[in-house]
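Here the structure is laid out as structure tokens; the discussion comes afterwards.
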Amino acid sequence: MTGVSSIRLSNSWKLSAGGICVIVVLTLWHALGAPGPPLYWGIVAAALMILVRERRRIGRNLAIMASSLVAVTLLLLPAGQDPGLGFERGVYIGSLLVSLVASVSILGGCALRSPVVSVVGDCLLTFPAFRRYVPFTLTSQVFSAMLSLAGTNVLFAIAARDEASPRRPRIAMFSAITRGFSAATFWSPMFGNMAILLALYPSLNWLTVLPLGFVLAQLTVVVGACLDRSGCRQAKEERDRIPWPPGALRAAATLLAIMLAYLVALVLVSAASGLSITSCIVLLTPLAAILINTATAARPGRVTNGLRALWGDLSHLPKIAPEILIFMVAGCAGTIIADAIPAAWVSALSSHLAPAPWLGISTLMVAIMMLSVLGVHPVLSAVLLASTLPPQMLALPALPHFGAVLMGWGLAASLTPFSVLNLTASRQSGIALMRISVGANWRFTMVCLVLVTLILSLLVPVTR
């Protein structure tokens, strides 16, 4: 017997799930200001235990990719200024992402049991397979803007319900979800990238960058829709669109109100505690999961049934073992690789880029994406480029420079095989990781690069 059923019968999932809970607790403890060394060694020990126990879940290609990253990291280790500090930072970055994936997996499972979400999912699946790109992209942008990765995870689960779709529209459907998430990162305050980047640009605030970010987000929607329609122009539809189920609009309005309330709660807790939105998602997930499970559980004994449902969701946590491997390895590799880049190279590069605004803008975006594809986490690659090639070094105003870094960061999340998005999309869809990431997004990325470079270059003289 294989799969989740055998895991539940043998109860072997409890130790692995417990290890993931340890990682979550230690990560939050560190975010609240606890000292570093004792905690990150606890995180390393828990991660190693999980990987040993769940090694059969890790595919061969992913294991080879992780081994290659480790080899490159060891080669560059002597070139780093402080390898020990880089390792510590990498562990905490990886553990935060692991905690986020675990949290949104539980929250997504709770949401899928909600009849409201079920109705919205049914509405999306009423569209014929070759016409789902735009509805899924727009819904993903809204869900992600309100719920971050939790909303994306819900849509992945909805898309996975349709296993009968041909391969091409299935890839397009999952790509639409990842690109919708990336679009939301360009303007929503729910994402850590917005907070991190605004801290690097003192002259900017969220209201200042909102119009540009929102325009760039919708540009990616249009580009993706055009590429999808050109690819499916010759496709023959097997059926017309099915009418929406009864109560669809009411269900959508209810779901939107719930997501807005969750967003407000996250922002308030973040402001009161000083934690990032990502940490607040991890912190509030248990409470949100209990509330959702209790509200959707059968009577009598709603609380008891809700807790049982949460316990069932915990049994699925060992499934994220591949994410644990790649995030821990990529987190450590990314910090050490970034630390090993010589400062003289950066100075020489900036002297060649400053005379041409379009060249500096395109280089920022391409560099962030290339570093991300090589295993440097998009957070690290974006901060590295924003810090080492600041606006004044490239002779760019702050807003176009910010837009270039933001776009590079967002496109990297869809392109790199190391992102939470693509790892989850690959697992949910059954499509190979490289196919759902680089294979599905390289044309989309190139077109967006050209158009955004043009837009931001035209913005340069306006914002000087």
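The values are calculated or read from the model by the stated rules, or taken from the named source; none is laboratory data. Since the structure is predicted, the reported quantities are computational estimates derived from the model, not experimental observations. Neighbour counts run over all protein chains shown; Cβ positions are idealised from the backbone, glycine included.
Pairing each residue of the stretch 177-192 that is without any contact (Cβ under 8 Å) to a residue 40 or more places away in the chain with any residue that is of a type outside the set (Ser, Thr, Tyr) and surrounded by fewer than 24 Cβ atoms within 10 Å (Cβ to Cβ), provided the two are 6+ apart or on different chains, yields no C-beta distance under 7 Å. Looking only at residues in the stretch 181-225 that are outside any helix (DSSP H, G or I) and more than 18 Å from the chain's Cα centre (by Cα), the one that is farthest from Leu97 (Cα to Cα) is Ser203. Residues that are charged (D, E, K, R) and buried (at least 19 other Cβ atoms within 10 Å of the Cβ): does the stretch 429-443 have at least one? No. Scanning the stretch 282-306 for residues that are touching a Phe, Trp or Tyr at 6+ places or on another chain (Cβ under 8 Å) and of a type in the set (S, T, N, Q) yields no hits at all.
Residues checked against (1) exposed (fewer than 15 other Cβ atoms within 10 Å of the Cβ); (2) over 22 Å from Ala184 (Cα atoms); (3) of a type outside the set (Phe, Trp, Tyr); (4) assigned by TED's automatic domain parsing to the domain that holds Val44:
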site: Ile292; (1), (2), (3), (4): no, yes, yes, yes
site: Arg302; (1), (2), (3), (4): yes, yes, yes, yes
site: Ala309; (1), (2), (3), (4): no, yes, yes, yes
site: Ser372; (1), (2), (3), (4): no, no, yes, no
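Is at least one residue of the stretch 420-428 of a type in the set (Lys, Arg), surrounded by 19 or more Cβ atoms within 10 Å (Cβ to Cβ) and not assigned by TED's automatic domain parsing to the domain that holds Leu96? Yes, some residue in the stretch 420-428 is of a type in the set (Lys, Arg), surrounded by 19 or more Cβ atoms within 10 Å (Cβ to Cβ) and not assigned by TED's automatic domain parsing to the domain that holds Leu96. Cβ-Cβ contacts under 7 Å between residues 6 or more apart (or on different chains), taken from a first residue in the stretch 198-218 that is farther than 18 Å from Thr453 by Cβ and in contact (Cβ under 8 Å) with a residue 12 or more places away in the chain to a second residue that is exposed (fewer than 14 other Cβ atoms within 10 Å of the Cβ) and not β-branched (Val, Ile, Thr), are listed as Leu200/Ser387. Kindly indicate whether any position in the stretch 319-333 is in the same structural domain as Ala288 (by TED's automatic domain parsing) and more than 28 Å from Leu85 (Cβ to Cβ). So far as the stretch 319-333 goes, yes, one or more of its residues are in the same structural domain as Ala288 (by TED's automatic domain parsing) and more than 28 Å from Leu85 (Cβ to Cβ).
Checked against (1) of a type in the set (D, E, K, R); (2) within 17 Å of Val222 (Cβ to Cβ); (3) surrounded by fewer than 24 Cβ atoms within 10 Å (Cβ to Cβ), Arg179 passes all but a single condition, namely (3).
If you go through the stretch 90-105 and keep only what is surrounded by 24 or more Cβ atoms within 10 Å (Cβ to Cβ), farther than 13 Å from Ala17 by Cα and not hydrophobic (A, V, I, L, M, F, W, C), you end up with Gly90, Gly94, Ser95.
Per the listing Ala150, Ala157, the residue uniquely surrounded by 23 or more Cβ atoms within 10 Å (Cβ to Cβ) and either at pLDDT 90 or above or closer than 16 Å to Leu255 by Cβ (or both) is Ala150. Quick check: is even one residue across the stretch 239-252 modelled with pLDDT under 80, touching a helix residue (DSSP H, G or I) at 6+ places or on another chain (Cβ under 6 Å) and either within 19 Å of Ser105 (Cβ to Cβ) or charged (D, E, K, R) (or both)? Within the stretch 239-252 (the criterion being modelled with pLDDT under 80, touching a helix residue (DSSP H, G or I) at 6+ places or on another chain (Cβ under 6 Å) and either within 19 Å of Ser105 (Cβ to Cβ) or charged (D, E, K, R) (or both)), the answer is no, since none of the residues qualifies. Report whether or not Leu396 is at pLDDT 80 or above, over 25 Å from Ala413 (Cα atoms) and of a type in the set (A, V, I, L, M, F, W, C). So Leu396 fails the test.
Of all residues assigned to the stretch 17-31, none qualifies as being within 19 Å of Gly331 (Cβ to Cβ) and either surrounded by fewer than 14 Cβ atoms within 10 Å (Cβ to Cβ) or in contact with a Pro (Cβ under 7 Å, 6 or more places away or on another chain) (or both).
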